[in-house]
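Please read the structure below before turning to the comments.
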Amino acid sequence: MRKVKNIETYKSEEPAVVTIGTFDGVHIGHQKIIKRLINTGKEDGLKSVILTFFPHPRMVLQKDSNIKLINTIKERHDILDDLGLDYLMIKKFTQEFSRISAEDFVKDILVDKINAKKVIIGYDHRFGRNRNADINDLKVFGETYGFEVEEISAQDINDVSVSSTKIRKALEAGDILKANAFLGYNFMISGVVTKGKGLGKQLNFPTANLKIIEDYKIIPKQGSYIVRATVQGKPVFGMMNIGMNPTVNGSNQTIEVHFFDFNADIYDDTIKIEFLHRLRDEEKFDSIEALTEQLKKDKTTALDYISKHHAE
Ligand SMILES: Cc1cc2nc3c(=O)[nH]c(=O)nc-3n(C[C@H](O)[C@H](O)[C@H](O)COP(=O)(O)O)c2cc1C
Ligand SMILES: Nc1ncnc2c1ncn2[C@@H]1O[C@H](COP(=O)(O)OP(=O)(O)O)[C@@H](O)[C@H]1O
């Protein structure tokens with residue numbers, strides 16, 4: 001898959017089939033549309049293209065909305081790449097861009113830059129300044145500028161009763177199983193391993209502290225989770241805690257993972273953690289010993305779950 005970050009200076013010679021959207025999560029509903037896009041491309045000899053906007057329009061137009069996204073732009077890129085898309089075009093979303101008319105958007109971007117011959121779009125898609133154009137307007141523009149419009153019907157969309165909002169709510173409630181079922185893959189977070197207080201090793205539970213760079217990334221509900229990752233090229237399972245570490249009177253939220261059967265210094269590594277299951281809420285224990293006892297129990301619960309659900 002090719003990524004085009006600077007659409008301003010881009011011009012495609014190859015005819016394309018395009019869909020437009022944020023696709024946050026790239027969930028099973030999105031995947032259905034993307035597969036249709038890719039198949040149409042193959043059948044009609046067109047490059048499959050997703051035109052997406054970044055930052056998210058709501059980050060730009062309602063600066064205080066504090067929107068959290070299921071995927072970082074990098075994660076979204078990797079998932080789309082795996083699906084077999086030809087091009088991911090990222091249009092920088094700005095105040096200025098939000099004011100361009102629907103027709104200028106169609107002509108300048110869809111036609112002149114992307115060379116669209118077909119546009120696949122949801123029946124309720126709206127676009128252009130104040131979102132004032134709809135699919136019927138797009139069909140009229142198609143006649144003028146020489147592209148076809150294929151509509152994704154309400155039924156097609158409602159058949160998959162999944163939405164990015166439902167997934168965000170499930171994550172905020174700690175319901176990983178529901179989020180993963182809607183996503184069609186395991187929810188993940190990526191970050192850099194940083195130094196903590198060095199207490200983990202003393203407890204015999206070293207924990208890699210994860211720092212997440214993207215402030216817009218959604219973090220699931222605080223608590224403990226069973227996780228999986230690839231660390232230094234090796235698949236590993238582990239248990240993660242997201243919380244305030246009340247037992248040691250912590251003052252900031254930390255995200256920490258203890259990996260099973262693993263022993264290496266991974267400071268400064270970037271790791272991607274997949275969530276498999278929620279273990280429990282975070283608790284304040286009376287002593288470090290009581291916390292360690294609980295961690296031992298968590299490990300037993302996690303290993304039992306892993307052997308039942310993820311046996312090799
Ligand atoms: C699976 C898991 C569950 C945890 N649960 C709790 C908890 O319920 N309460 C708590 O205060 N700390 C909990 N911790 C966090 C420990 O307090 C933390 O790992 C310890 O303070 C080490 O911190 P350090 O990495 O800064 O040395 C948990 C850690 C892990 C890996
Ligand atoms: N099984 C393991 N799981 C997680 N980290 C480990 C493991 N074994 C070694 N480490 C290393 O130890 C560090 C965590 O040790 P810890 O004493 O908790 O220190 P810190 O407080 O700096 O996180 C990790 O960042 C990693 O580099």
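Tabulated data for the structure shown
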| quantity | calculated |
| --- | --- |
| Search result, residues across the range 209-228 that are more than 10 Å from ligand 2 (Cβ to nearest atom), aliphatic (A, V, I, L, M) and buried (at least 16 other Cβ atoms within 10 Å of the Cβ) | Ile218, Ile226, Val227 |
| Matching residues, the range 251-292, being more than 12 Å from ligand 1 (Cβ to nearest atom) and under 14 Å from Leu203 (Cα atoms) | Glu289 |
| Count - residues of the range 9-50 that are closer than 19 Å to Lys92 by Cβ, free of Cβ contacts under 8 Å to residues at least 40 places away in the same chain and acidic (Asp, Glu) | 0 |
| Residue satisfying all of: in the range 280-312; aliphatic (A, V, I, L, M) and within 16 Å of ligand 2 (Cβ to nearest atom); surrounded by the most Cβ atoms within 10 Å (Cβ to Cβ) among these | Ala302 |
| Flag if Ile266 is within 25 Å of Lys74 (Cβ to Cβ), within 11 Å of ligand 2 (Cβ to nearest atom) and assigned by TED's automatic domain parsing to the domain that holds Val193 | yes |
| 2 or more residues open to solvent by less than 20 Å² (accessible area, probe 1.4 Å) and modelled with pLDDT of 95 or more: qualifying helices (runs of 4 or more DSSP H) within the range 128-208 | 135-145, 164-172, 176-183 |
| Residue count, the range 68-96 (criterion: without any contact (Cβ under 8 Å) to a residue 12 or more places away in the chain and farther than 22 Å from Ile34 by Cβ) | 1 |
| Condition broken by Thr72, with the remaining ones in (1) open to solvent by 20 Å² or more (accessible area, probe 1.4 Å); (2) more than 18 Å from Thr19 (Cβ to Cβ) satisfied | (1) |
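The values are calculated or read from the model by the stated rules, or taken from the named source; none is laboratory data. Note that the structure is predicted; figures quoted are calculated from it, not measured. Note that we place each Cβ from the backbone using ideal geometry, even for glycine, and neighbour counts take in every protein chain shown. For the accessible areas, the whole protein counts, side chains as well, though only heavy atoms, and no ligand, DNA or RNA atoms are used. Shrake-Rupley method; radii C 1.70, N 1.55, O 1.52, S 1.80 Å.
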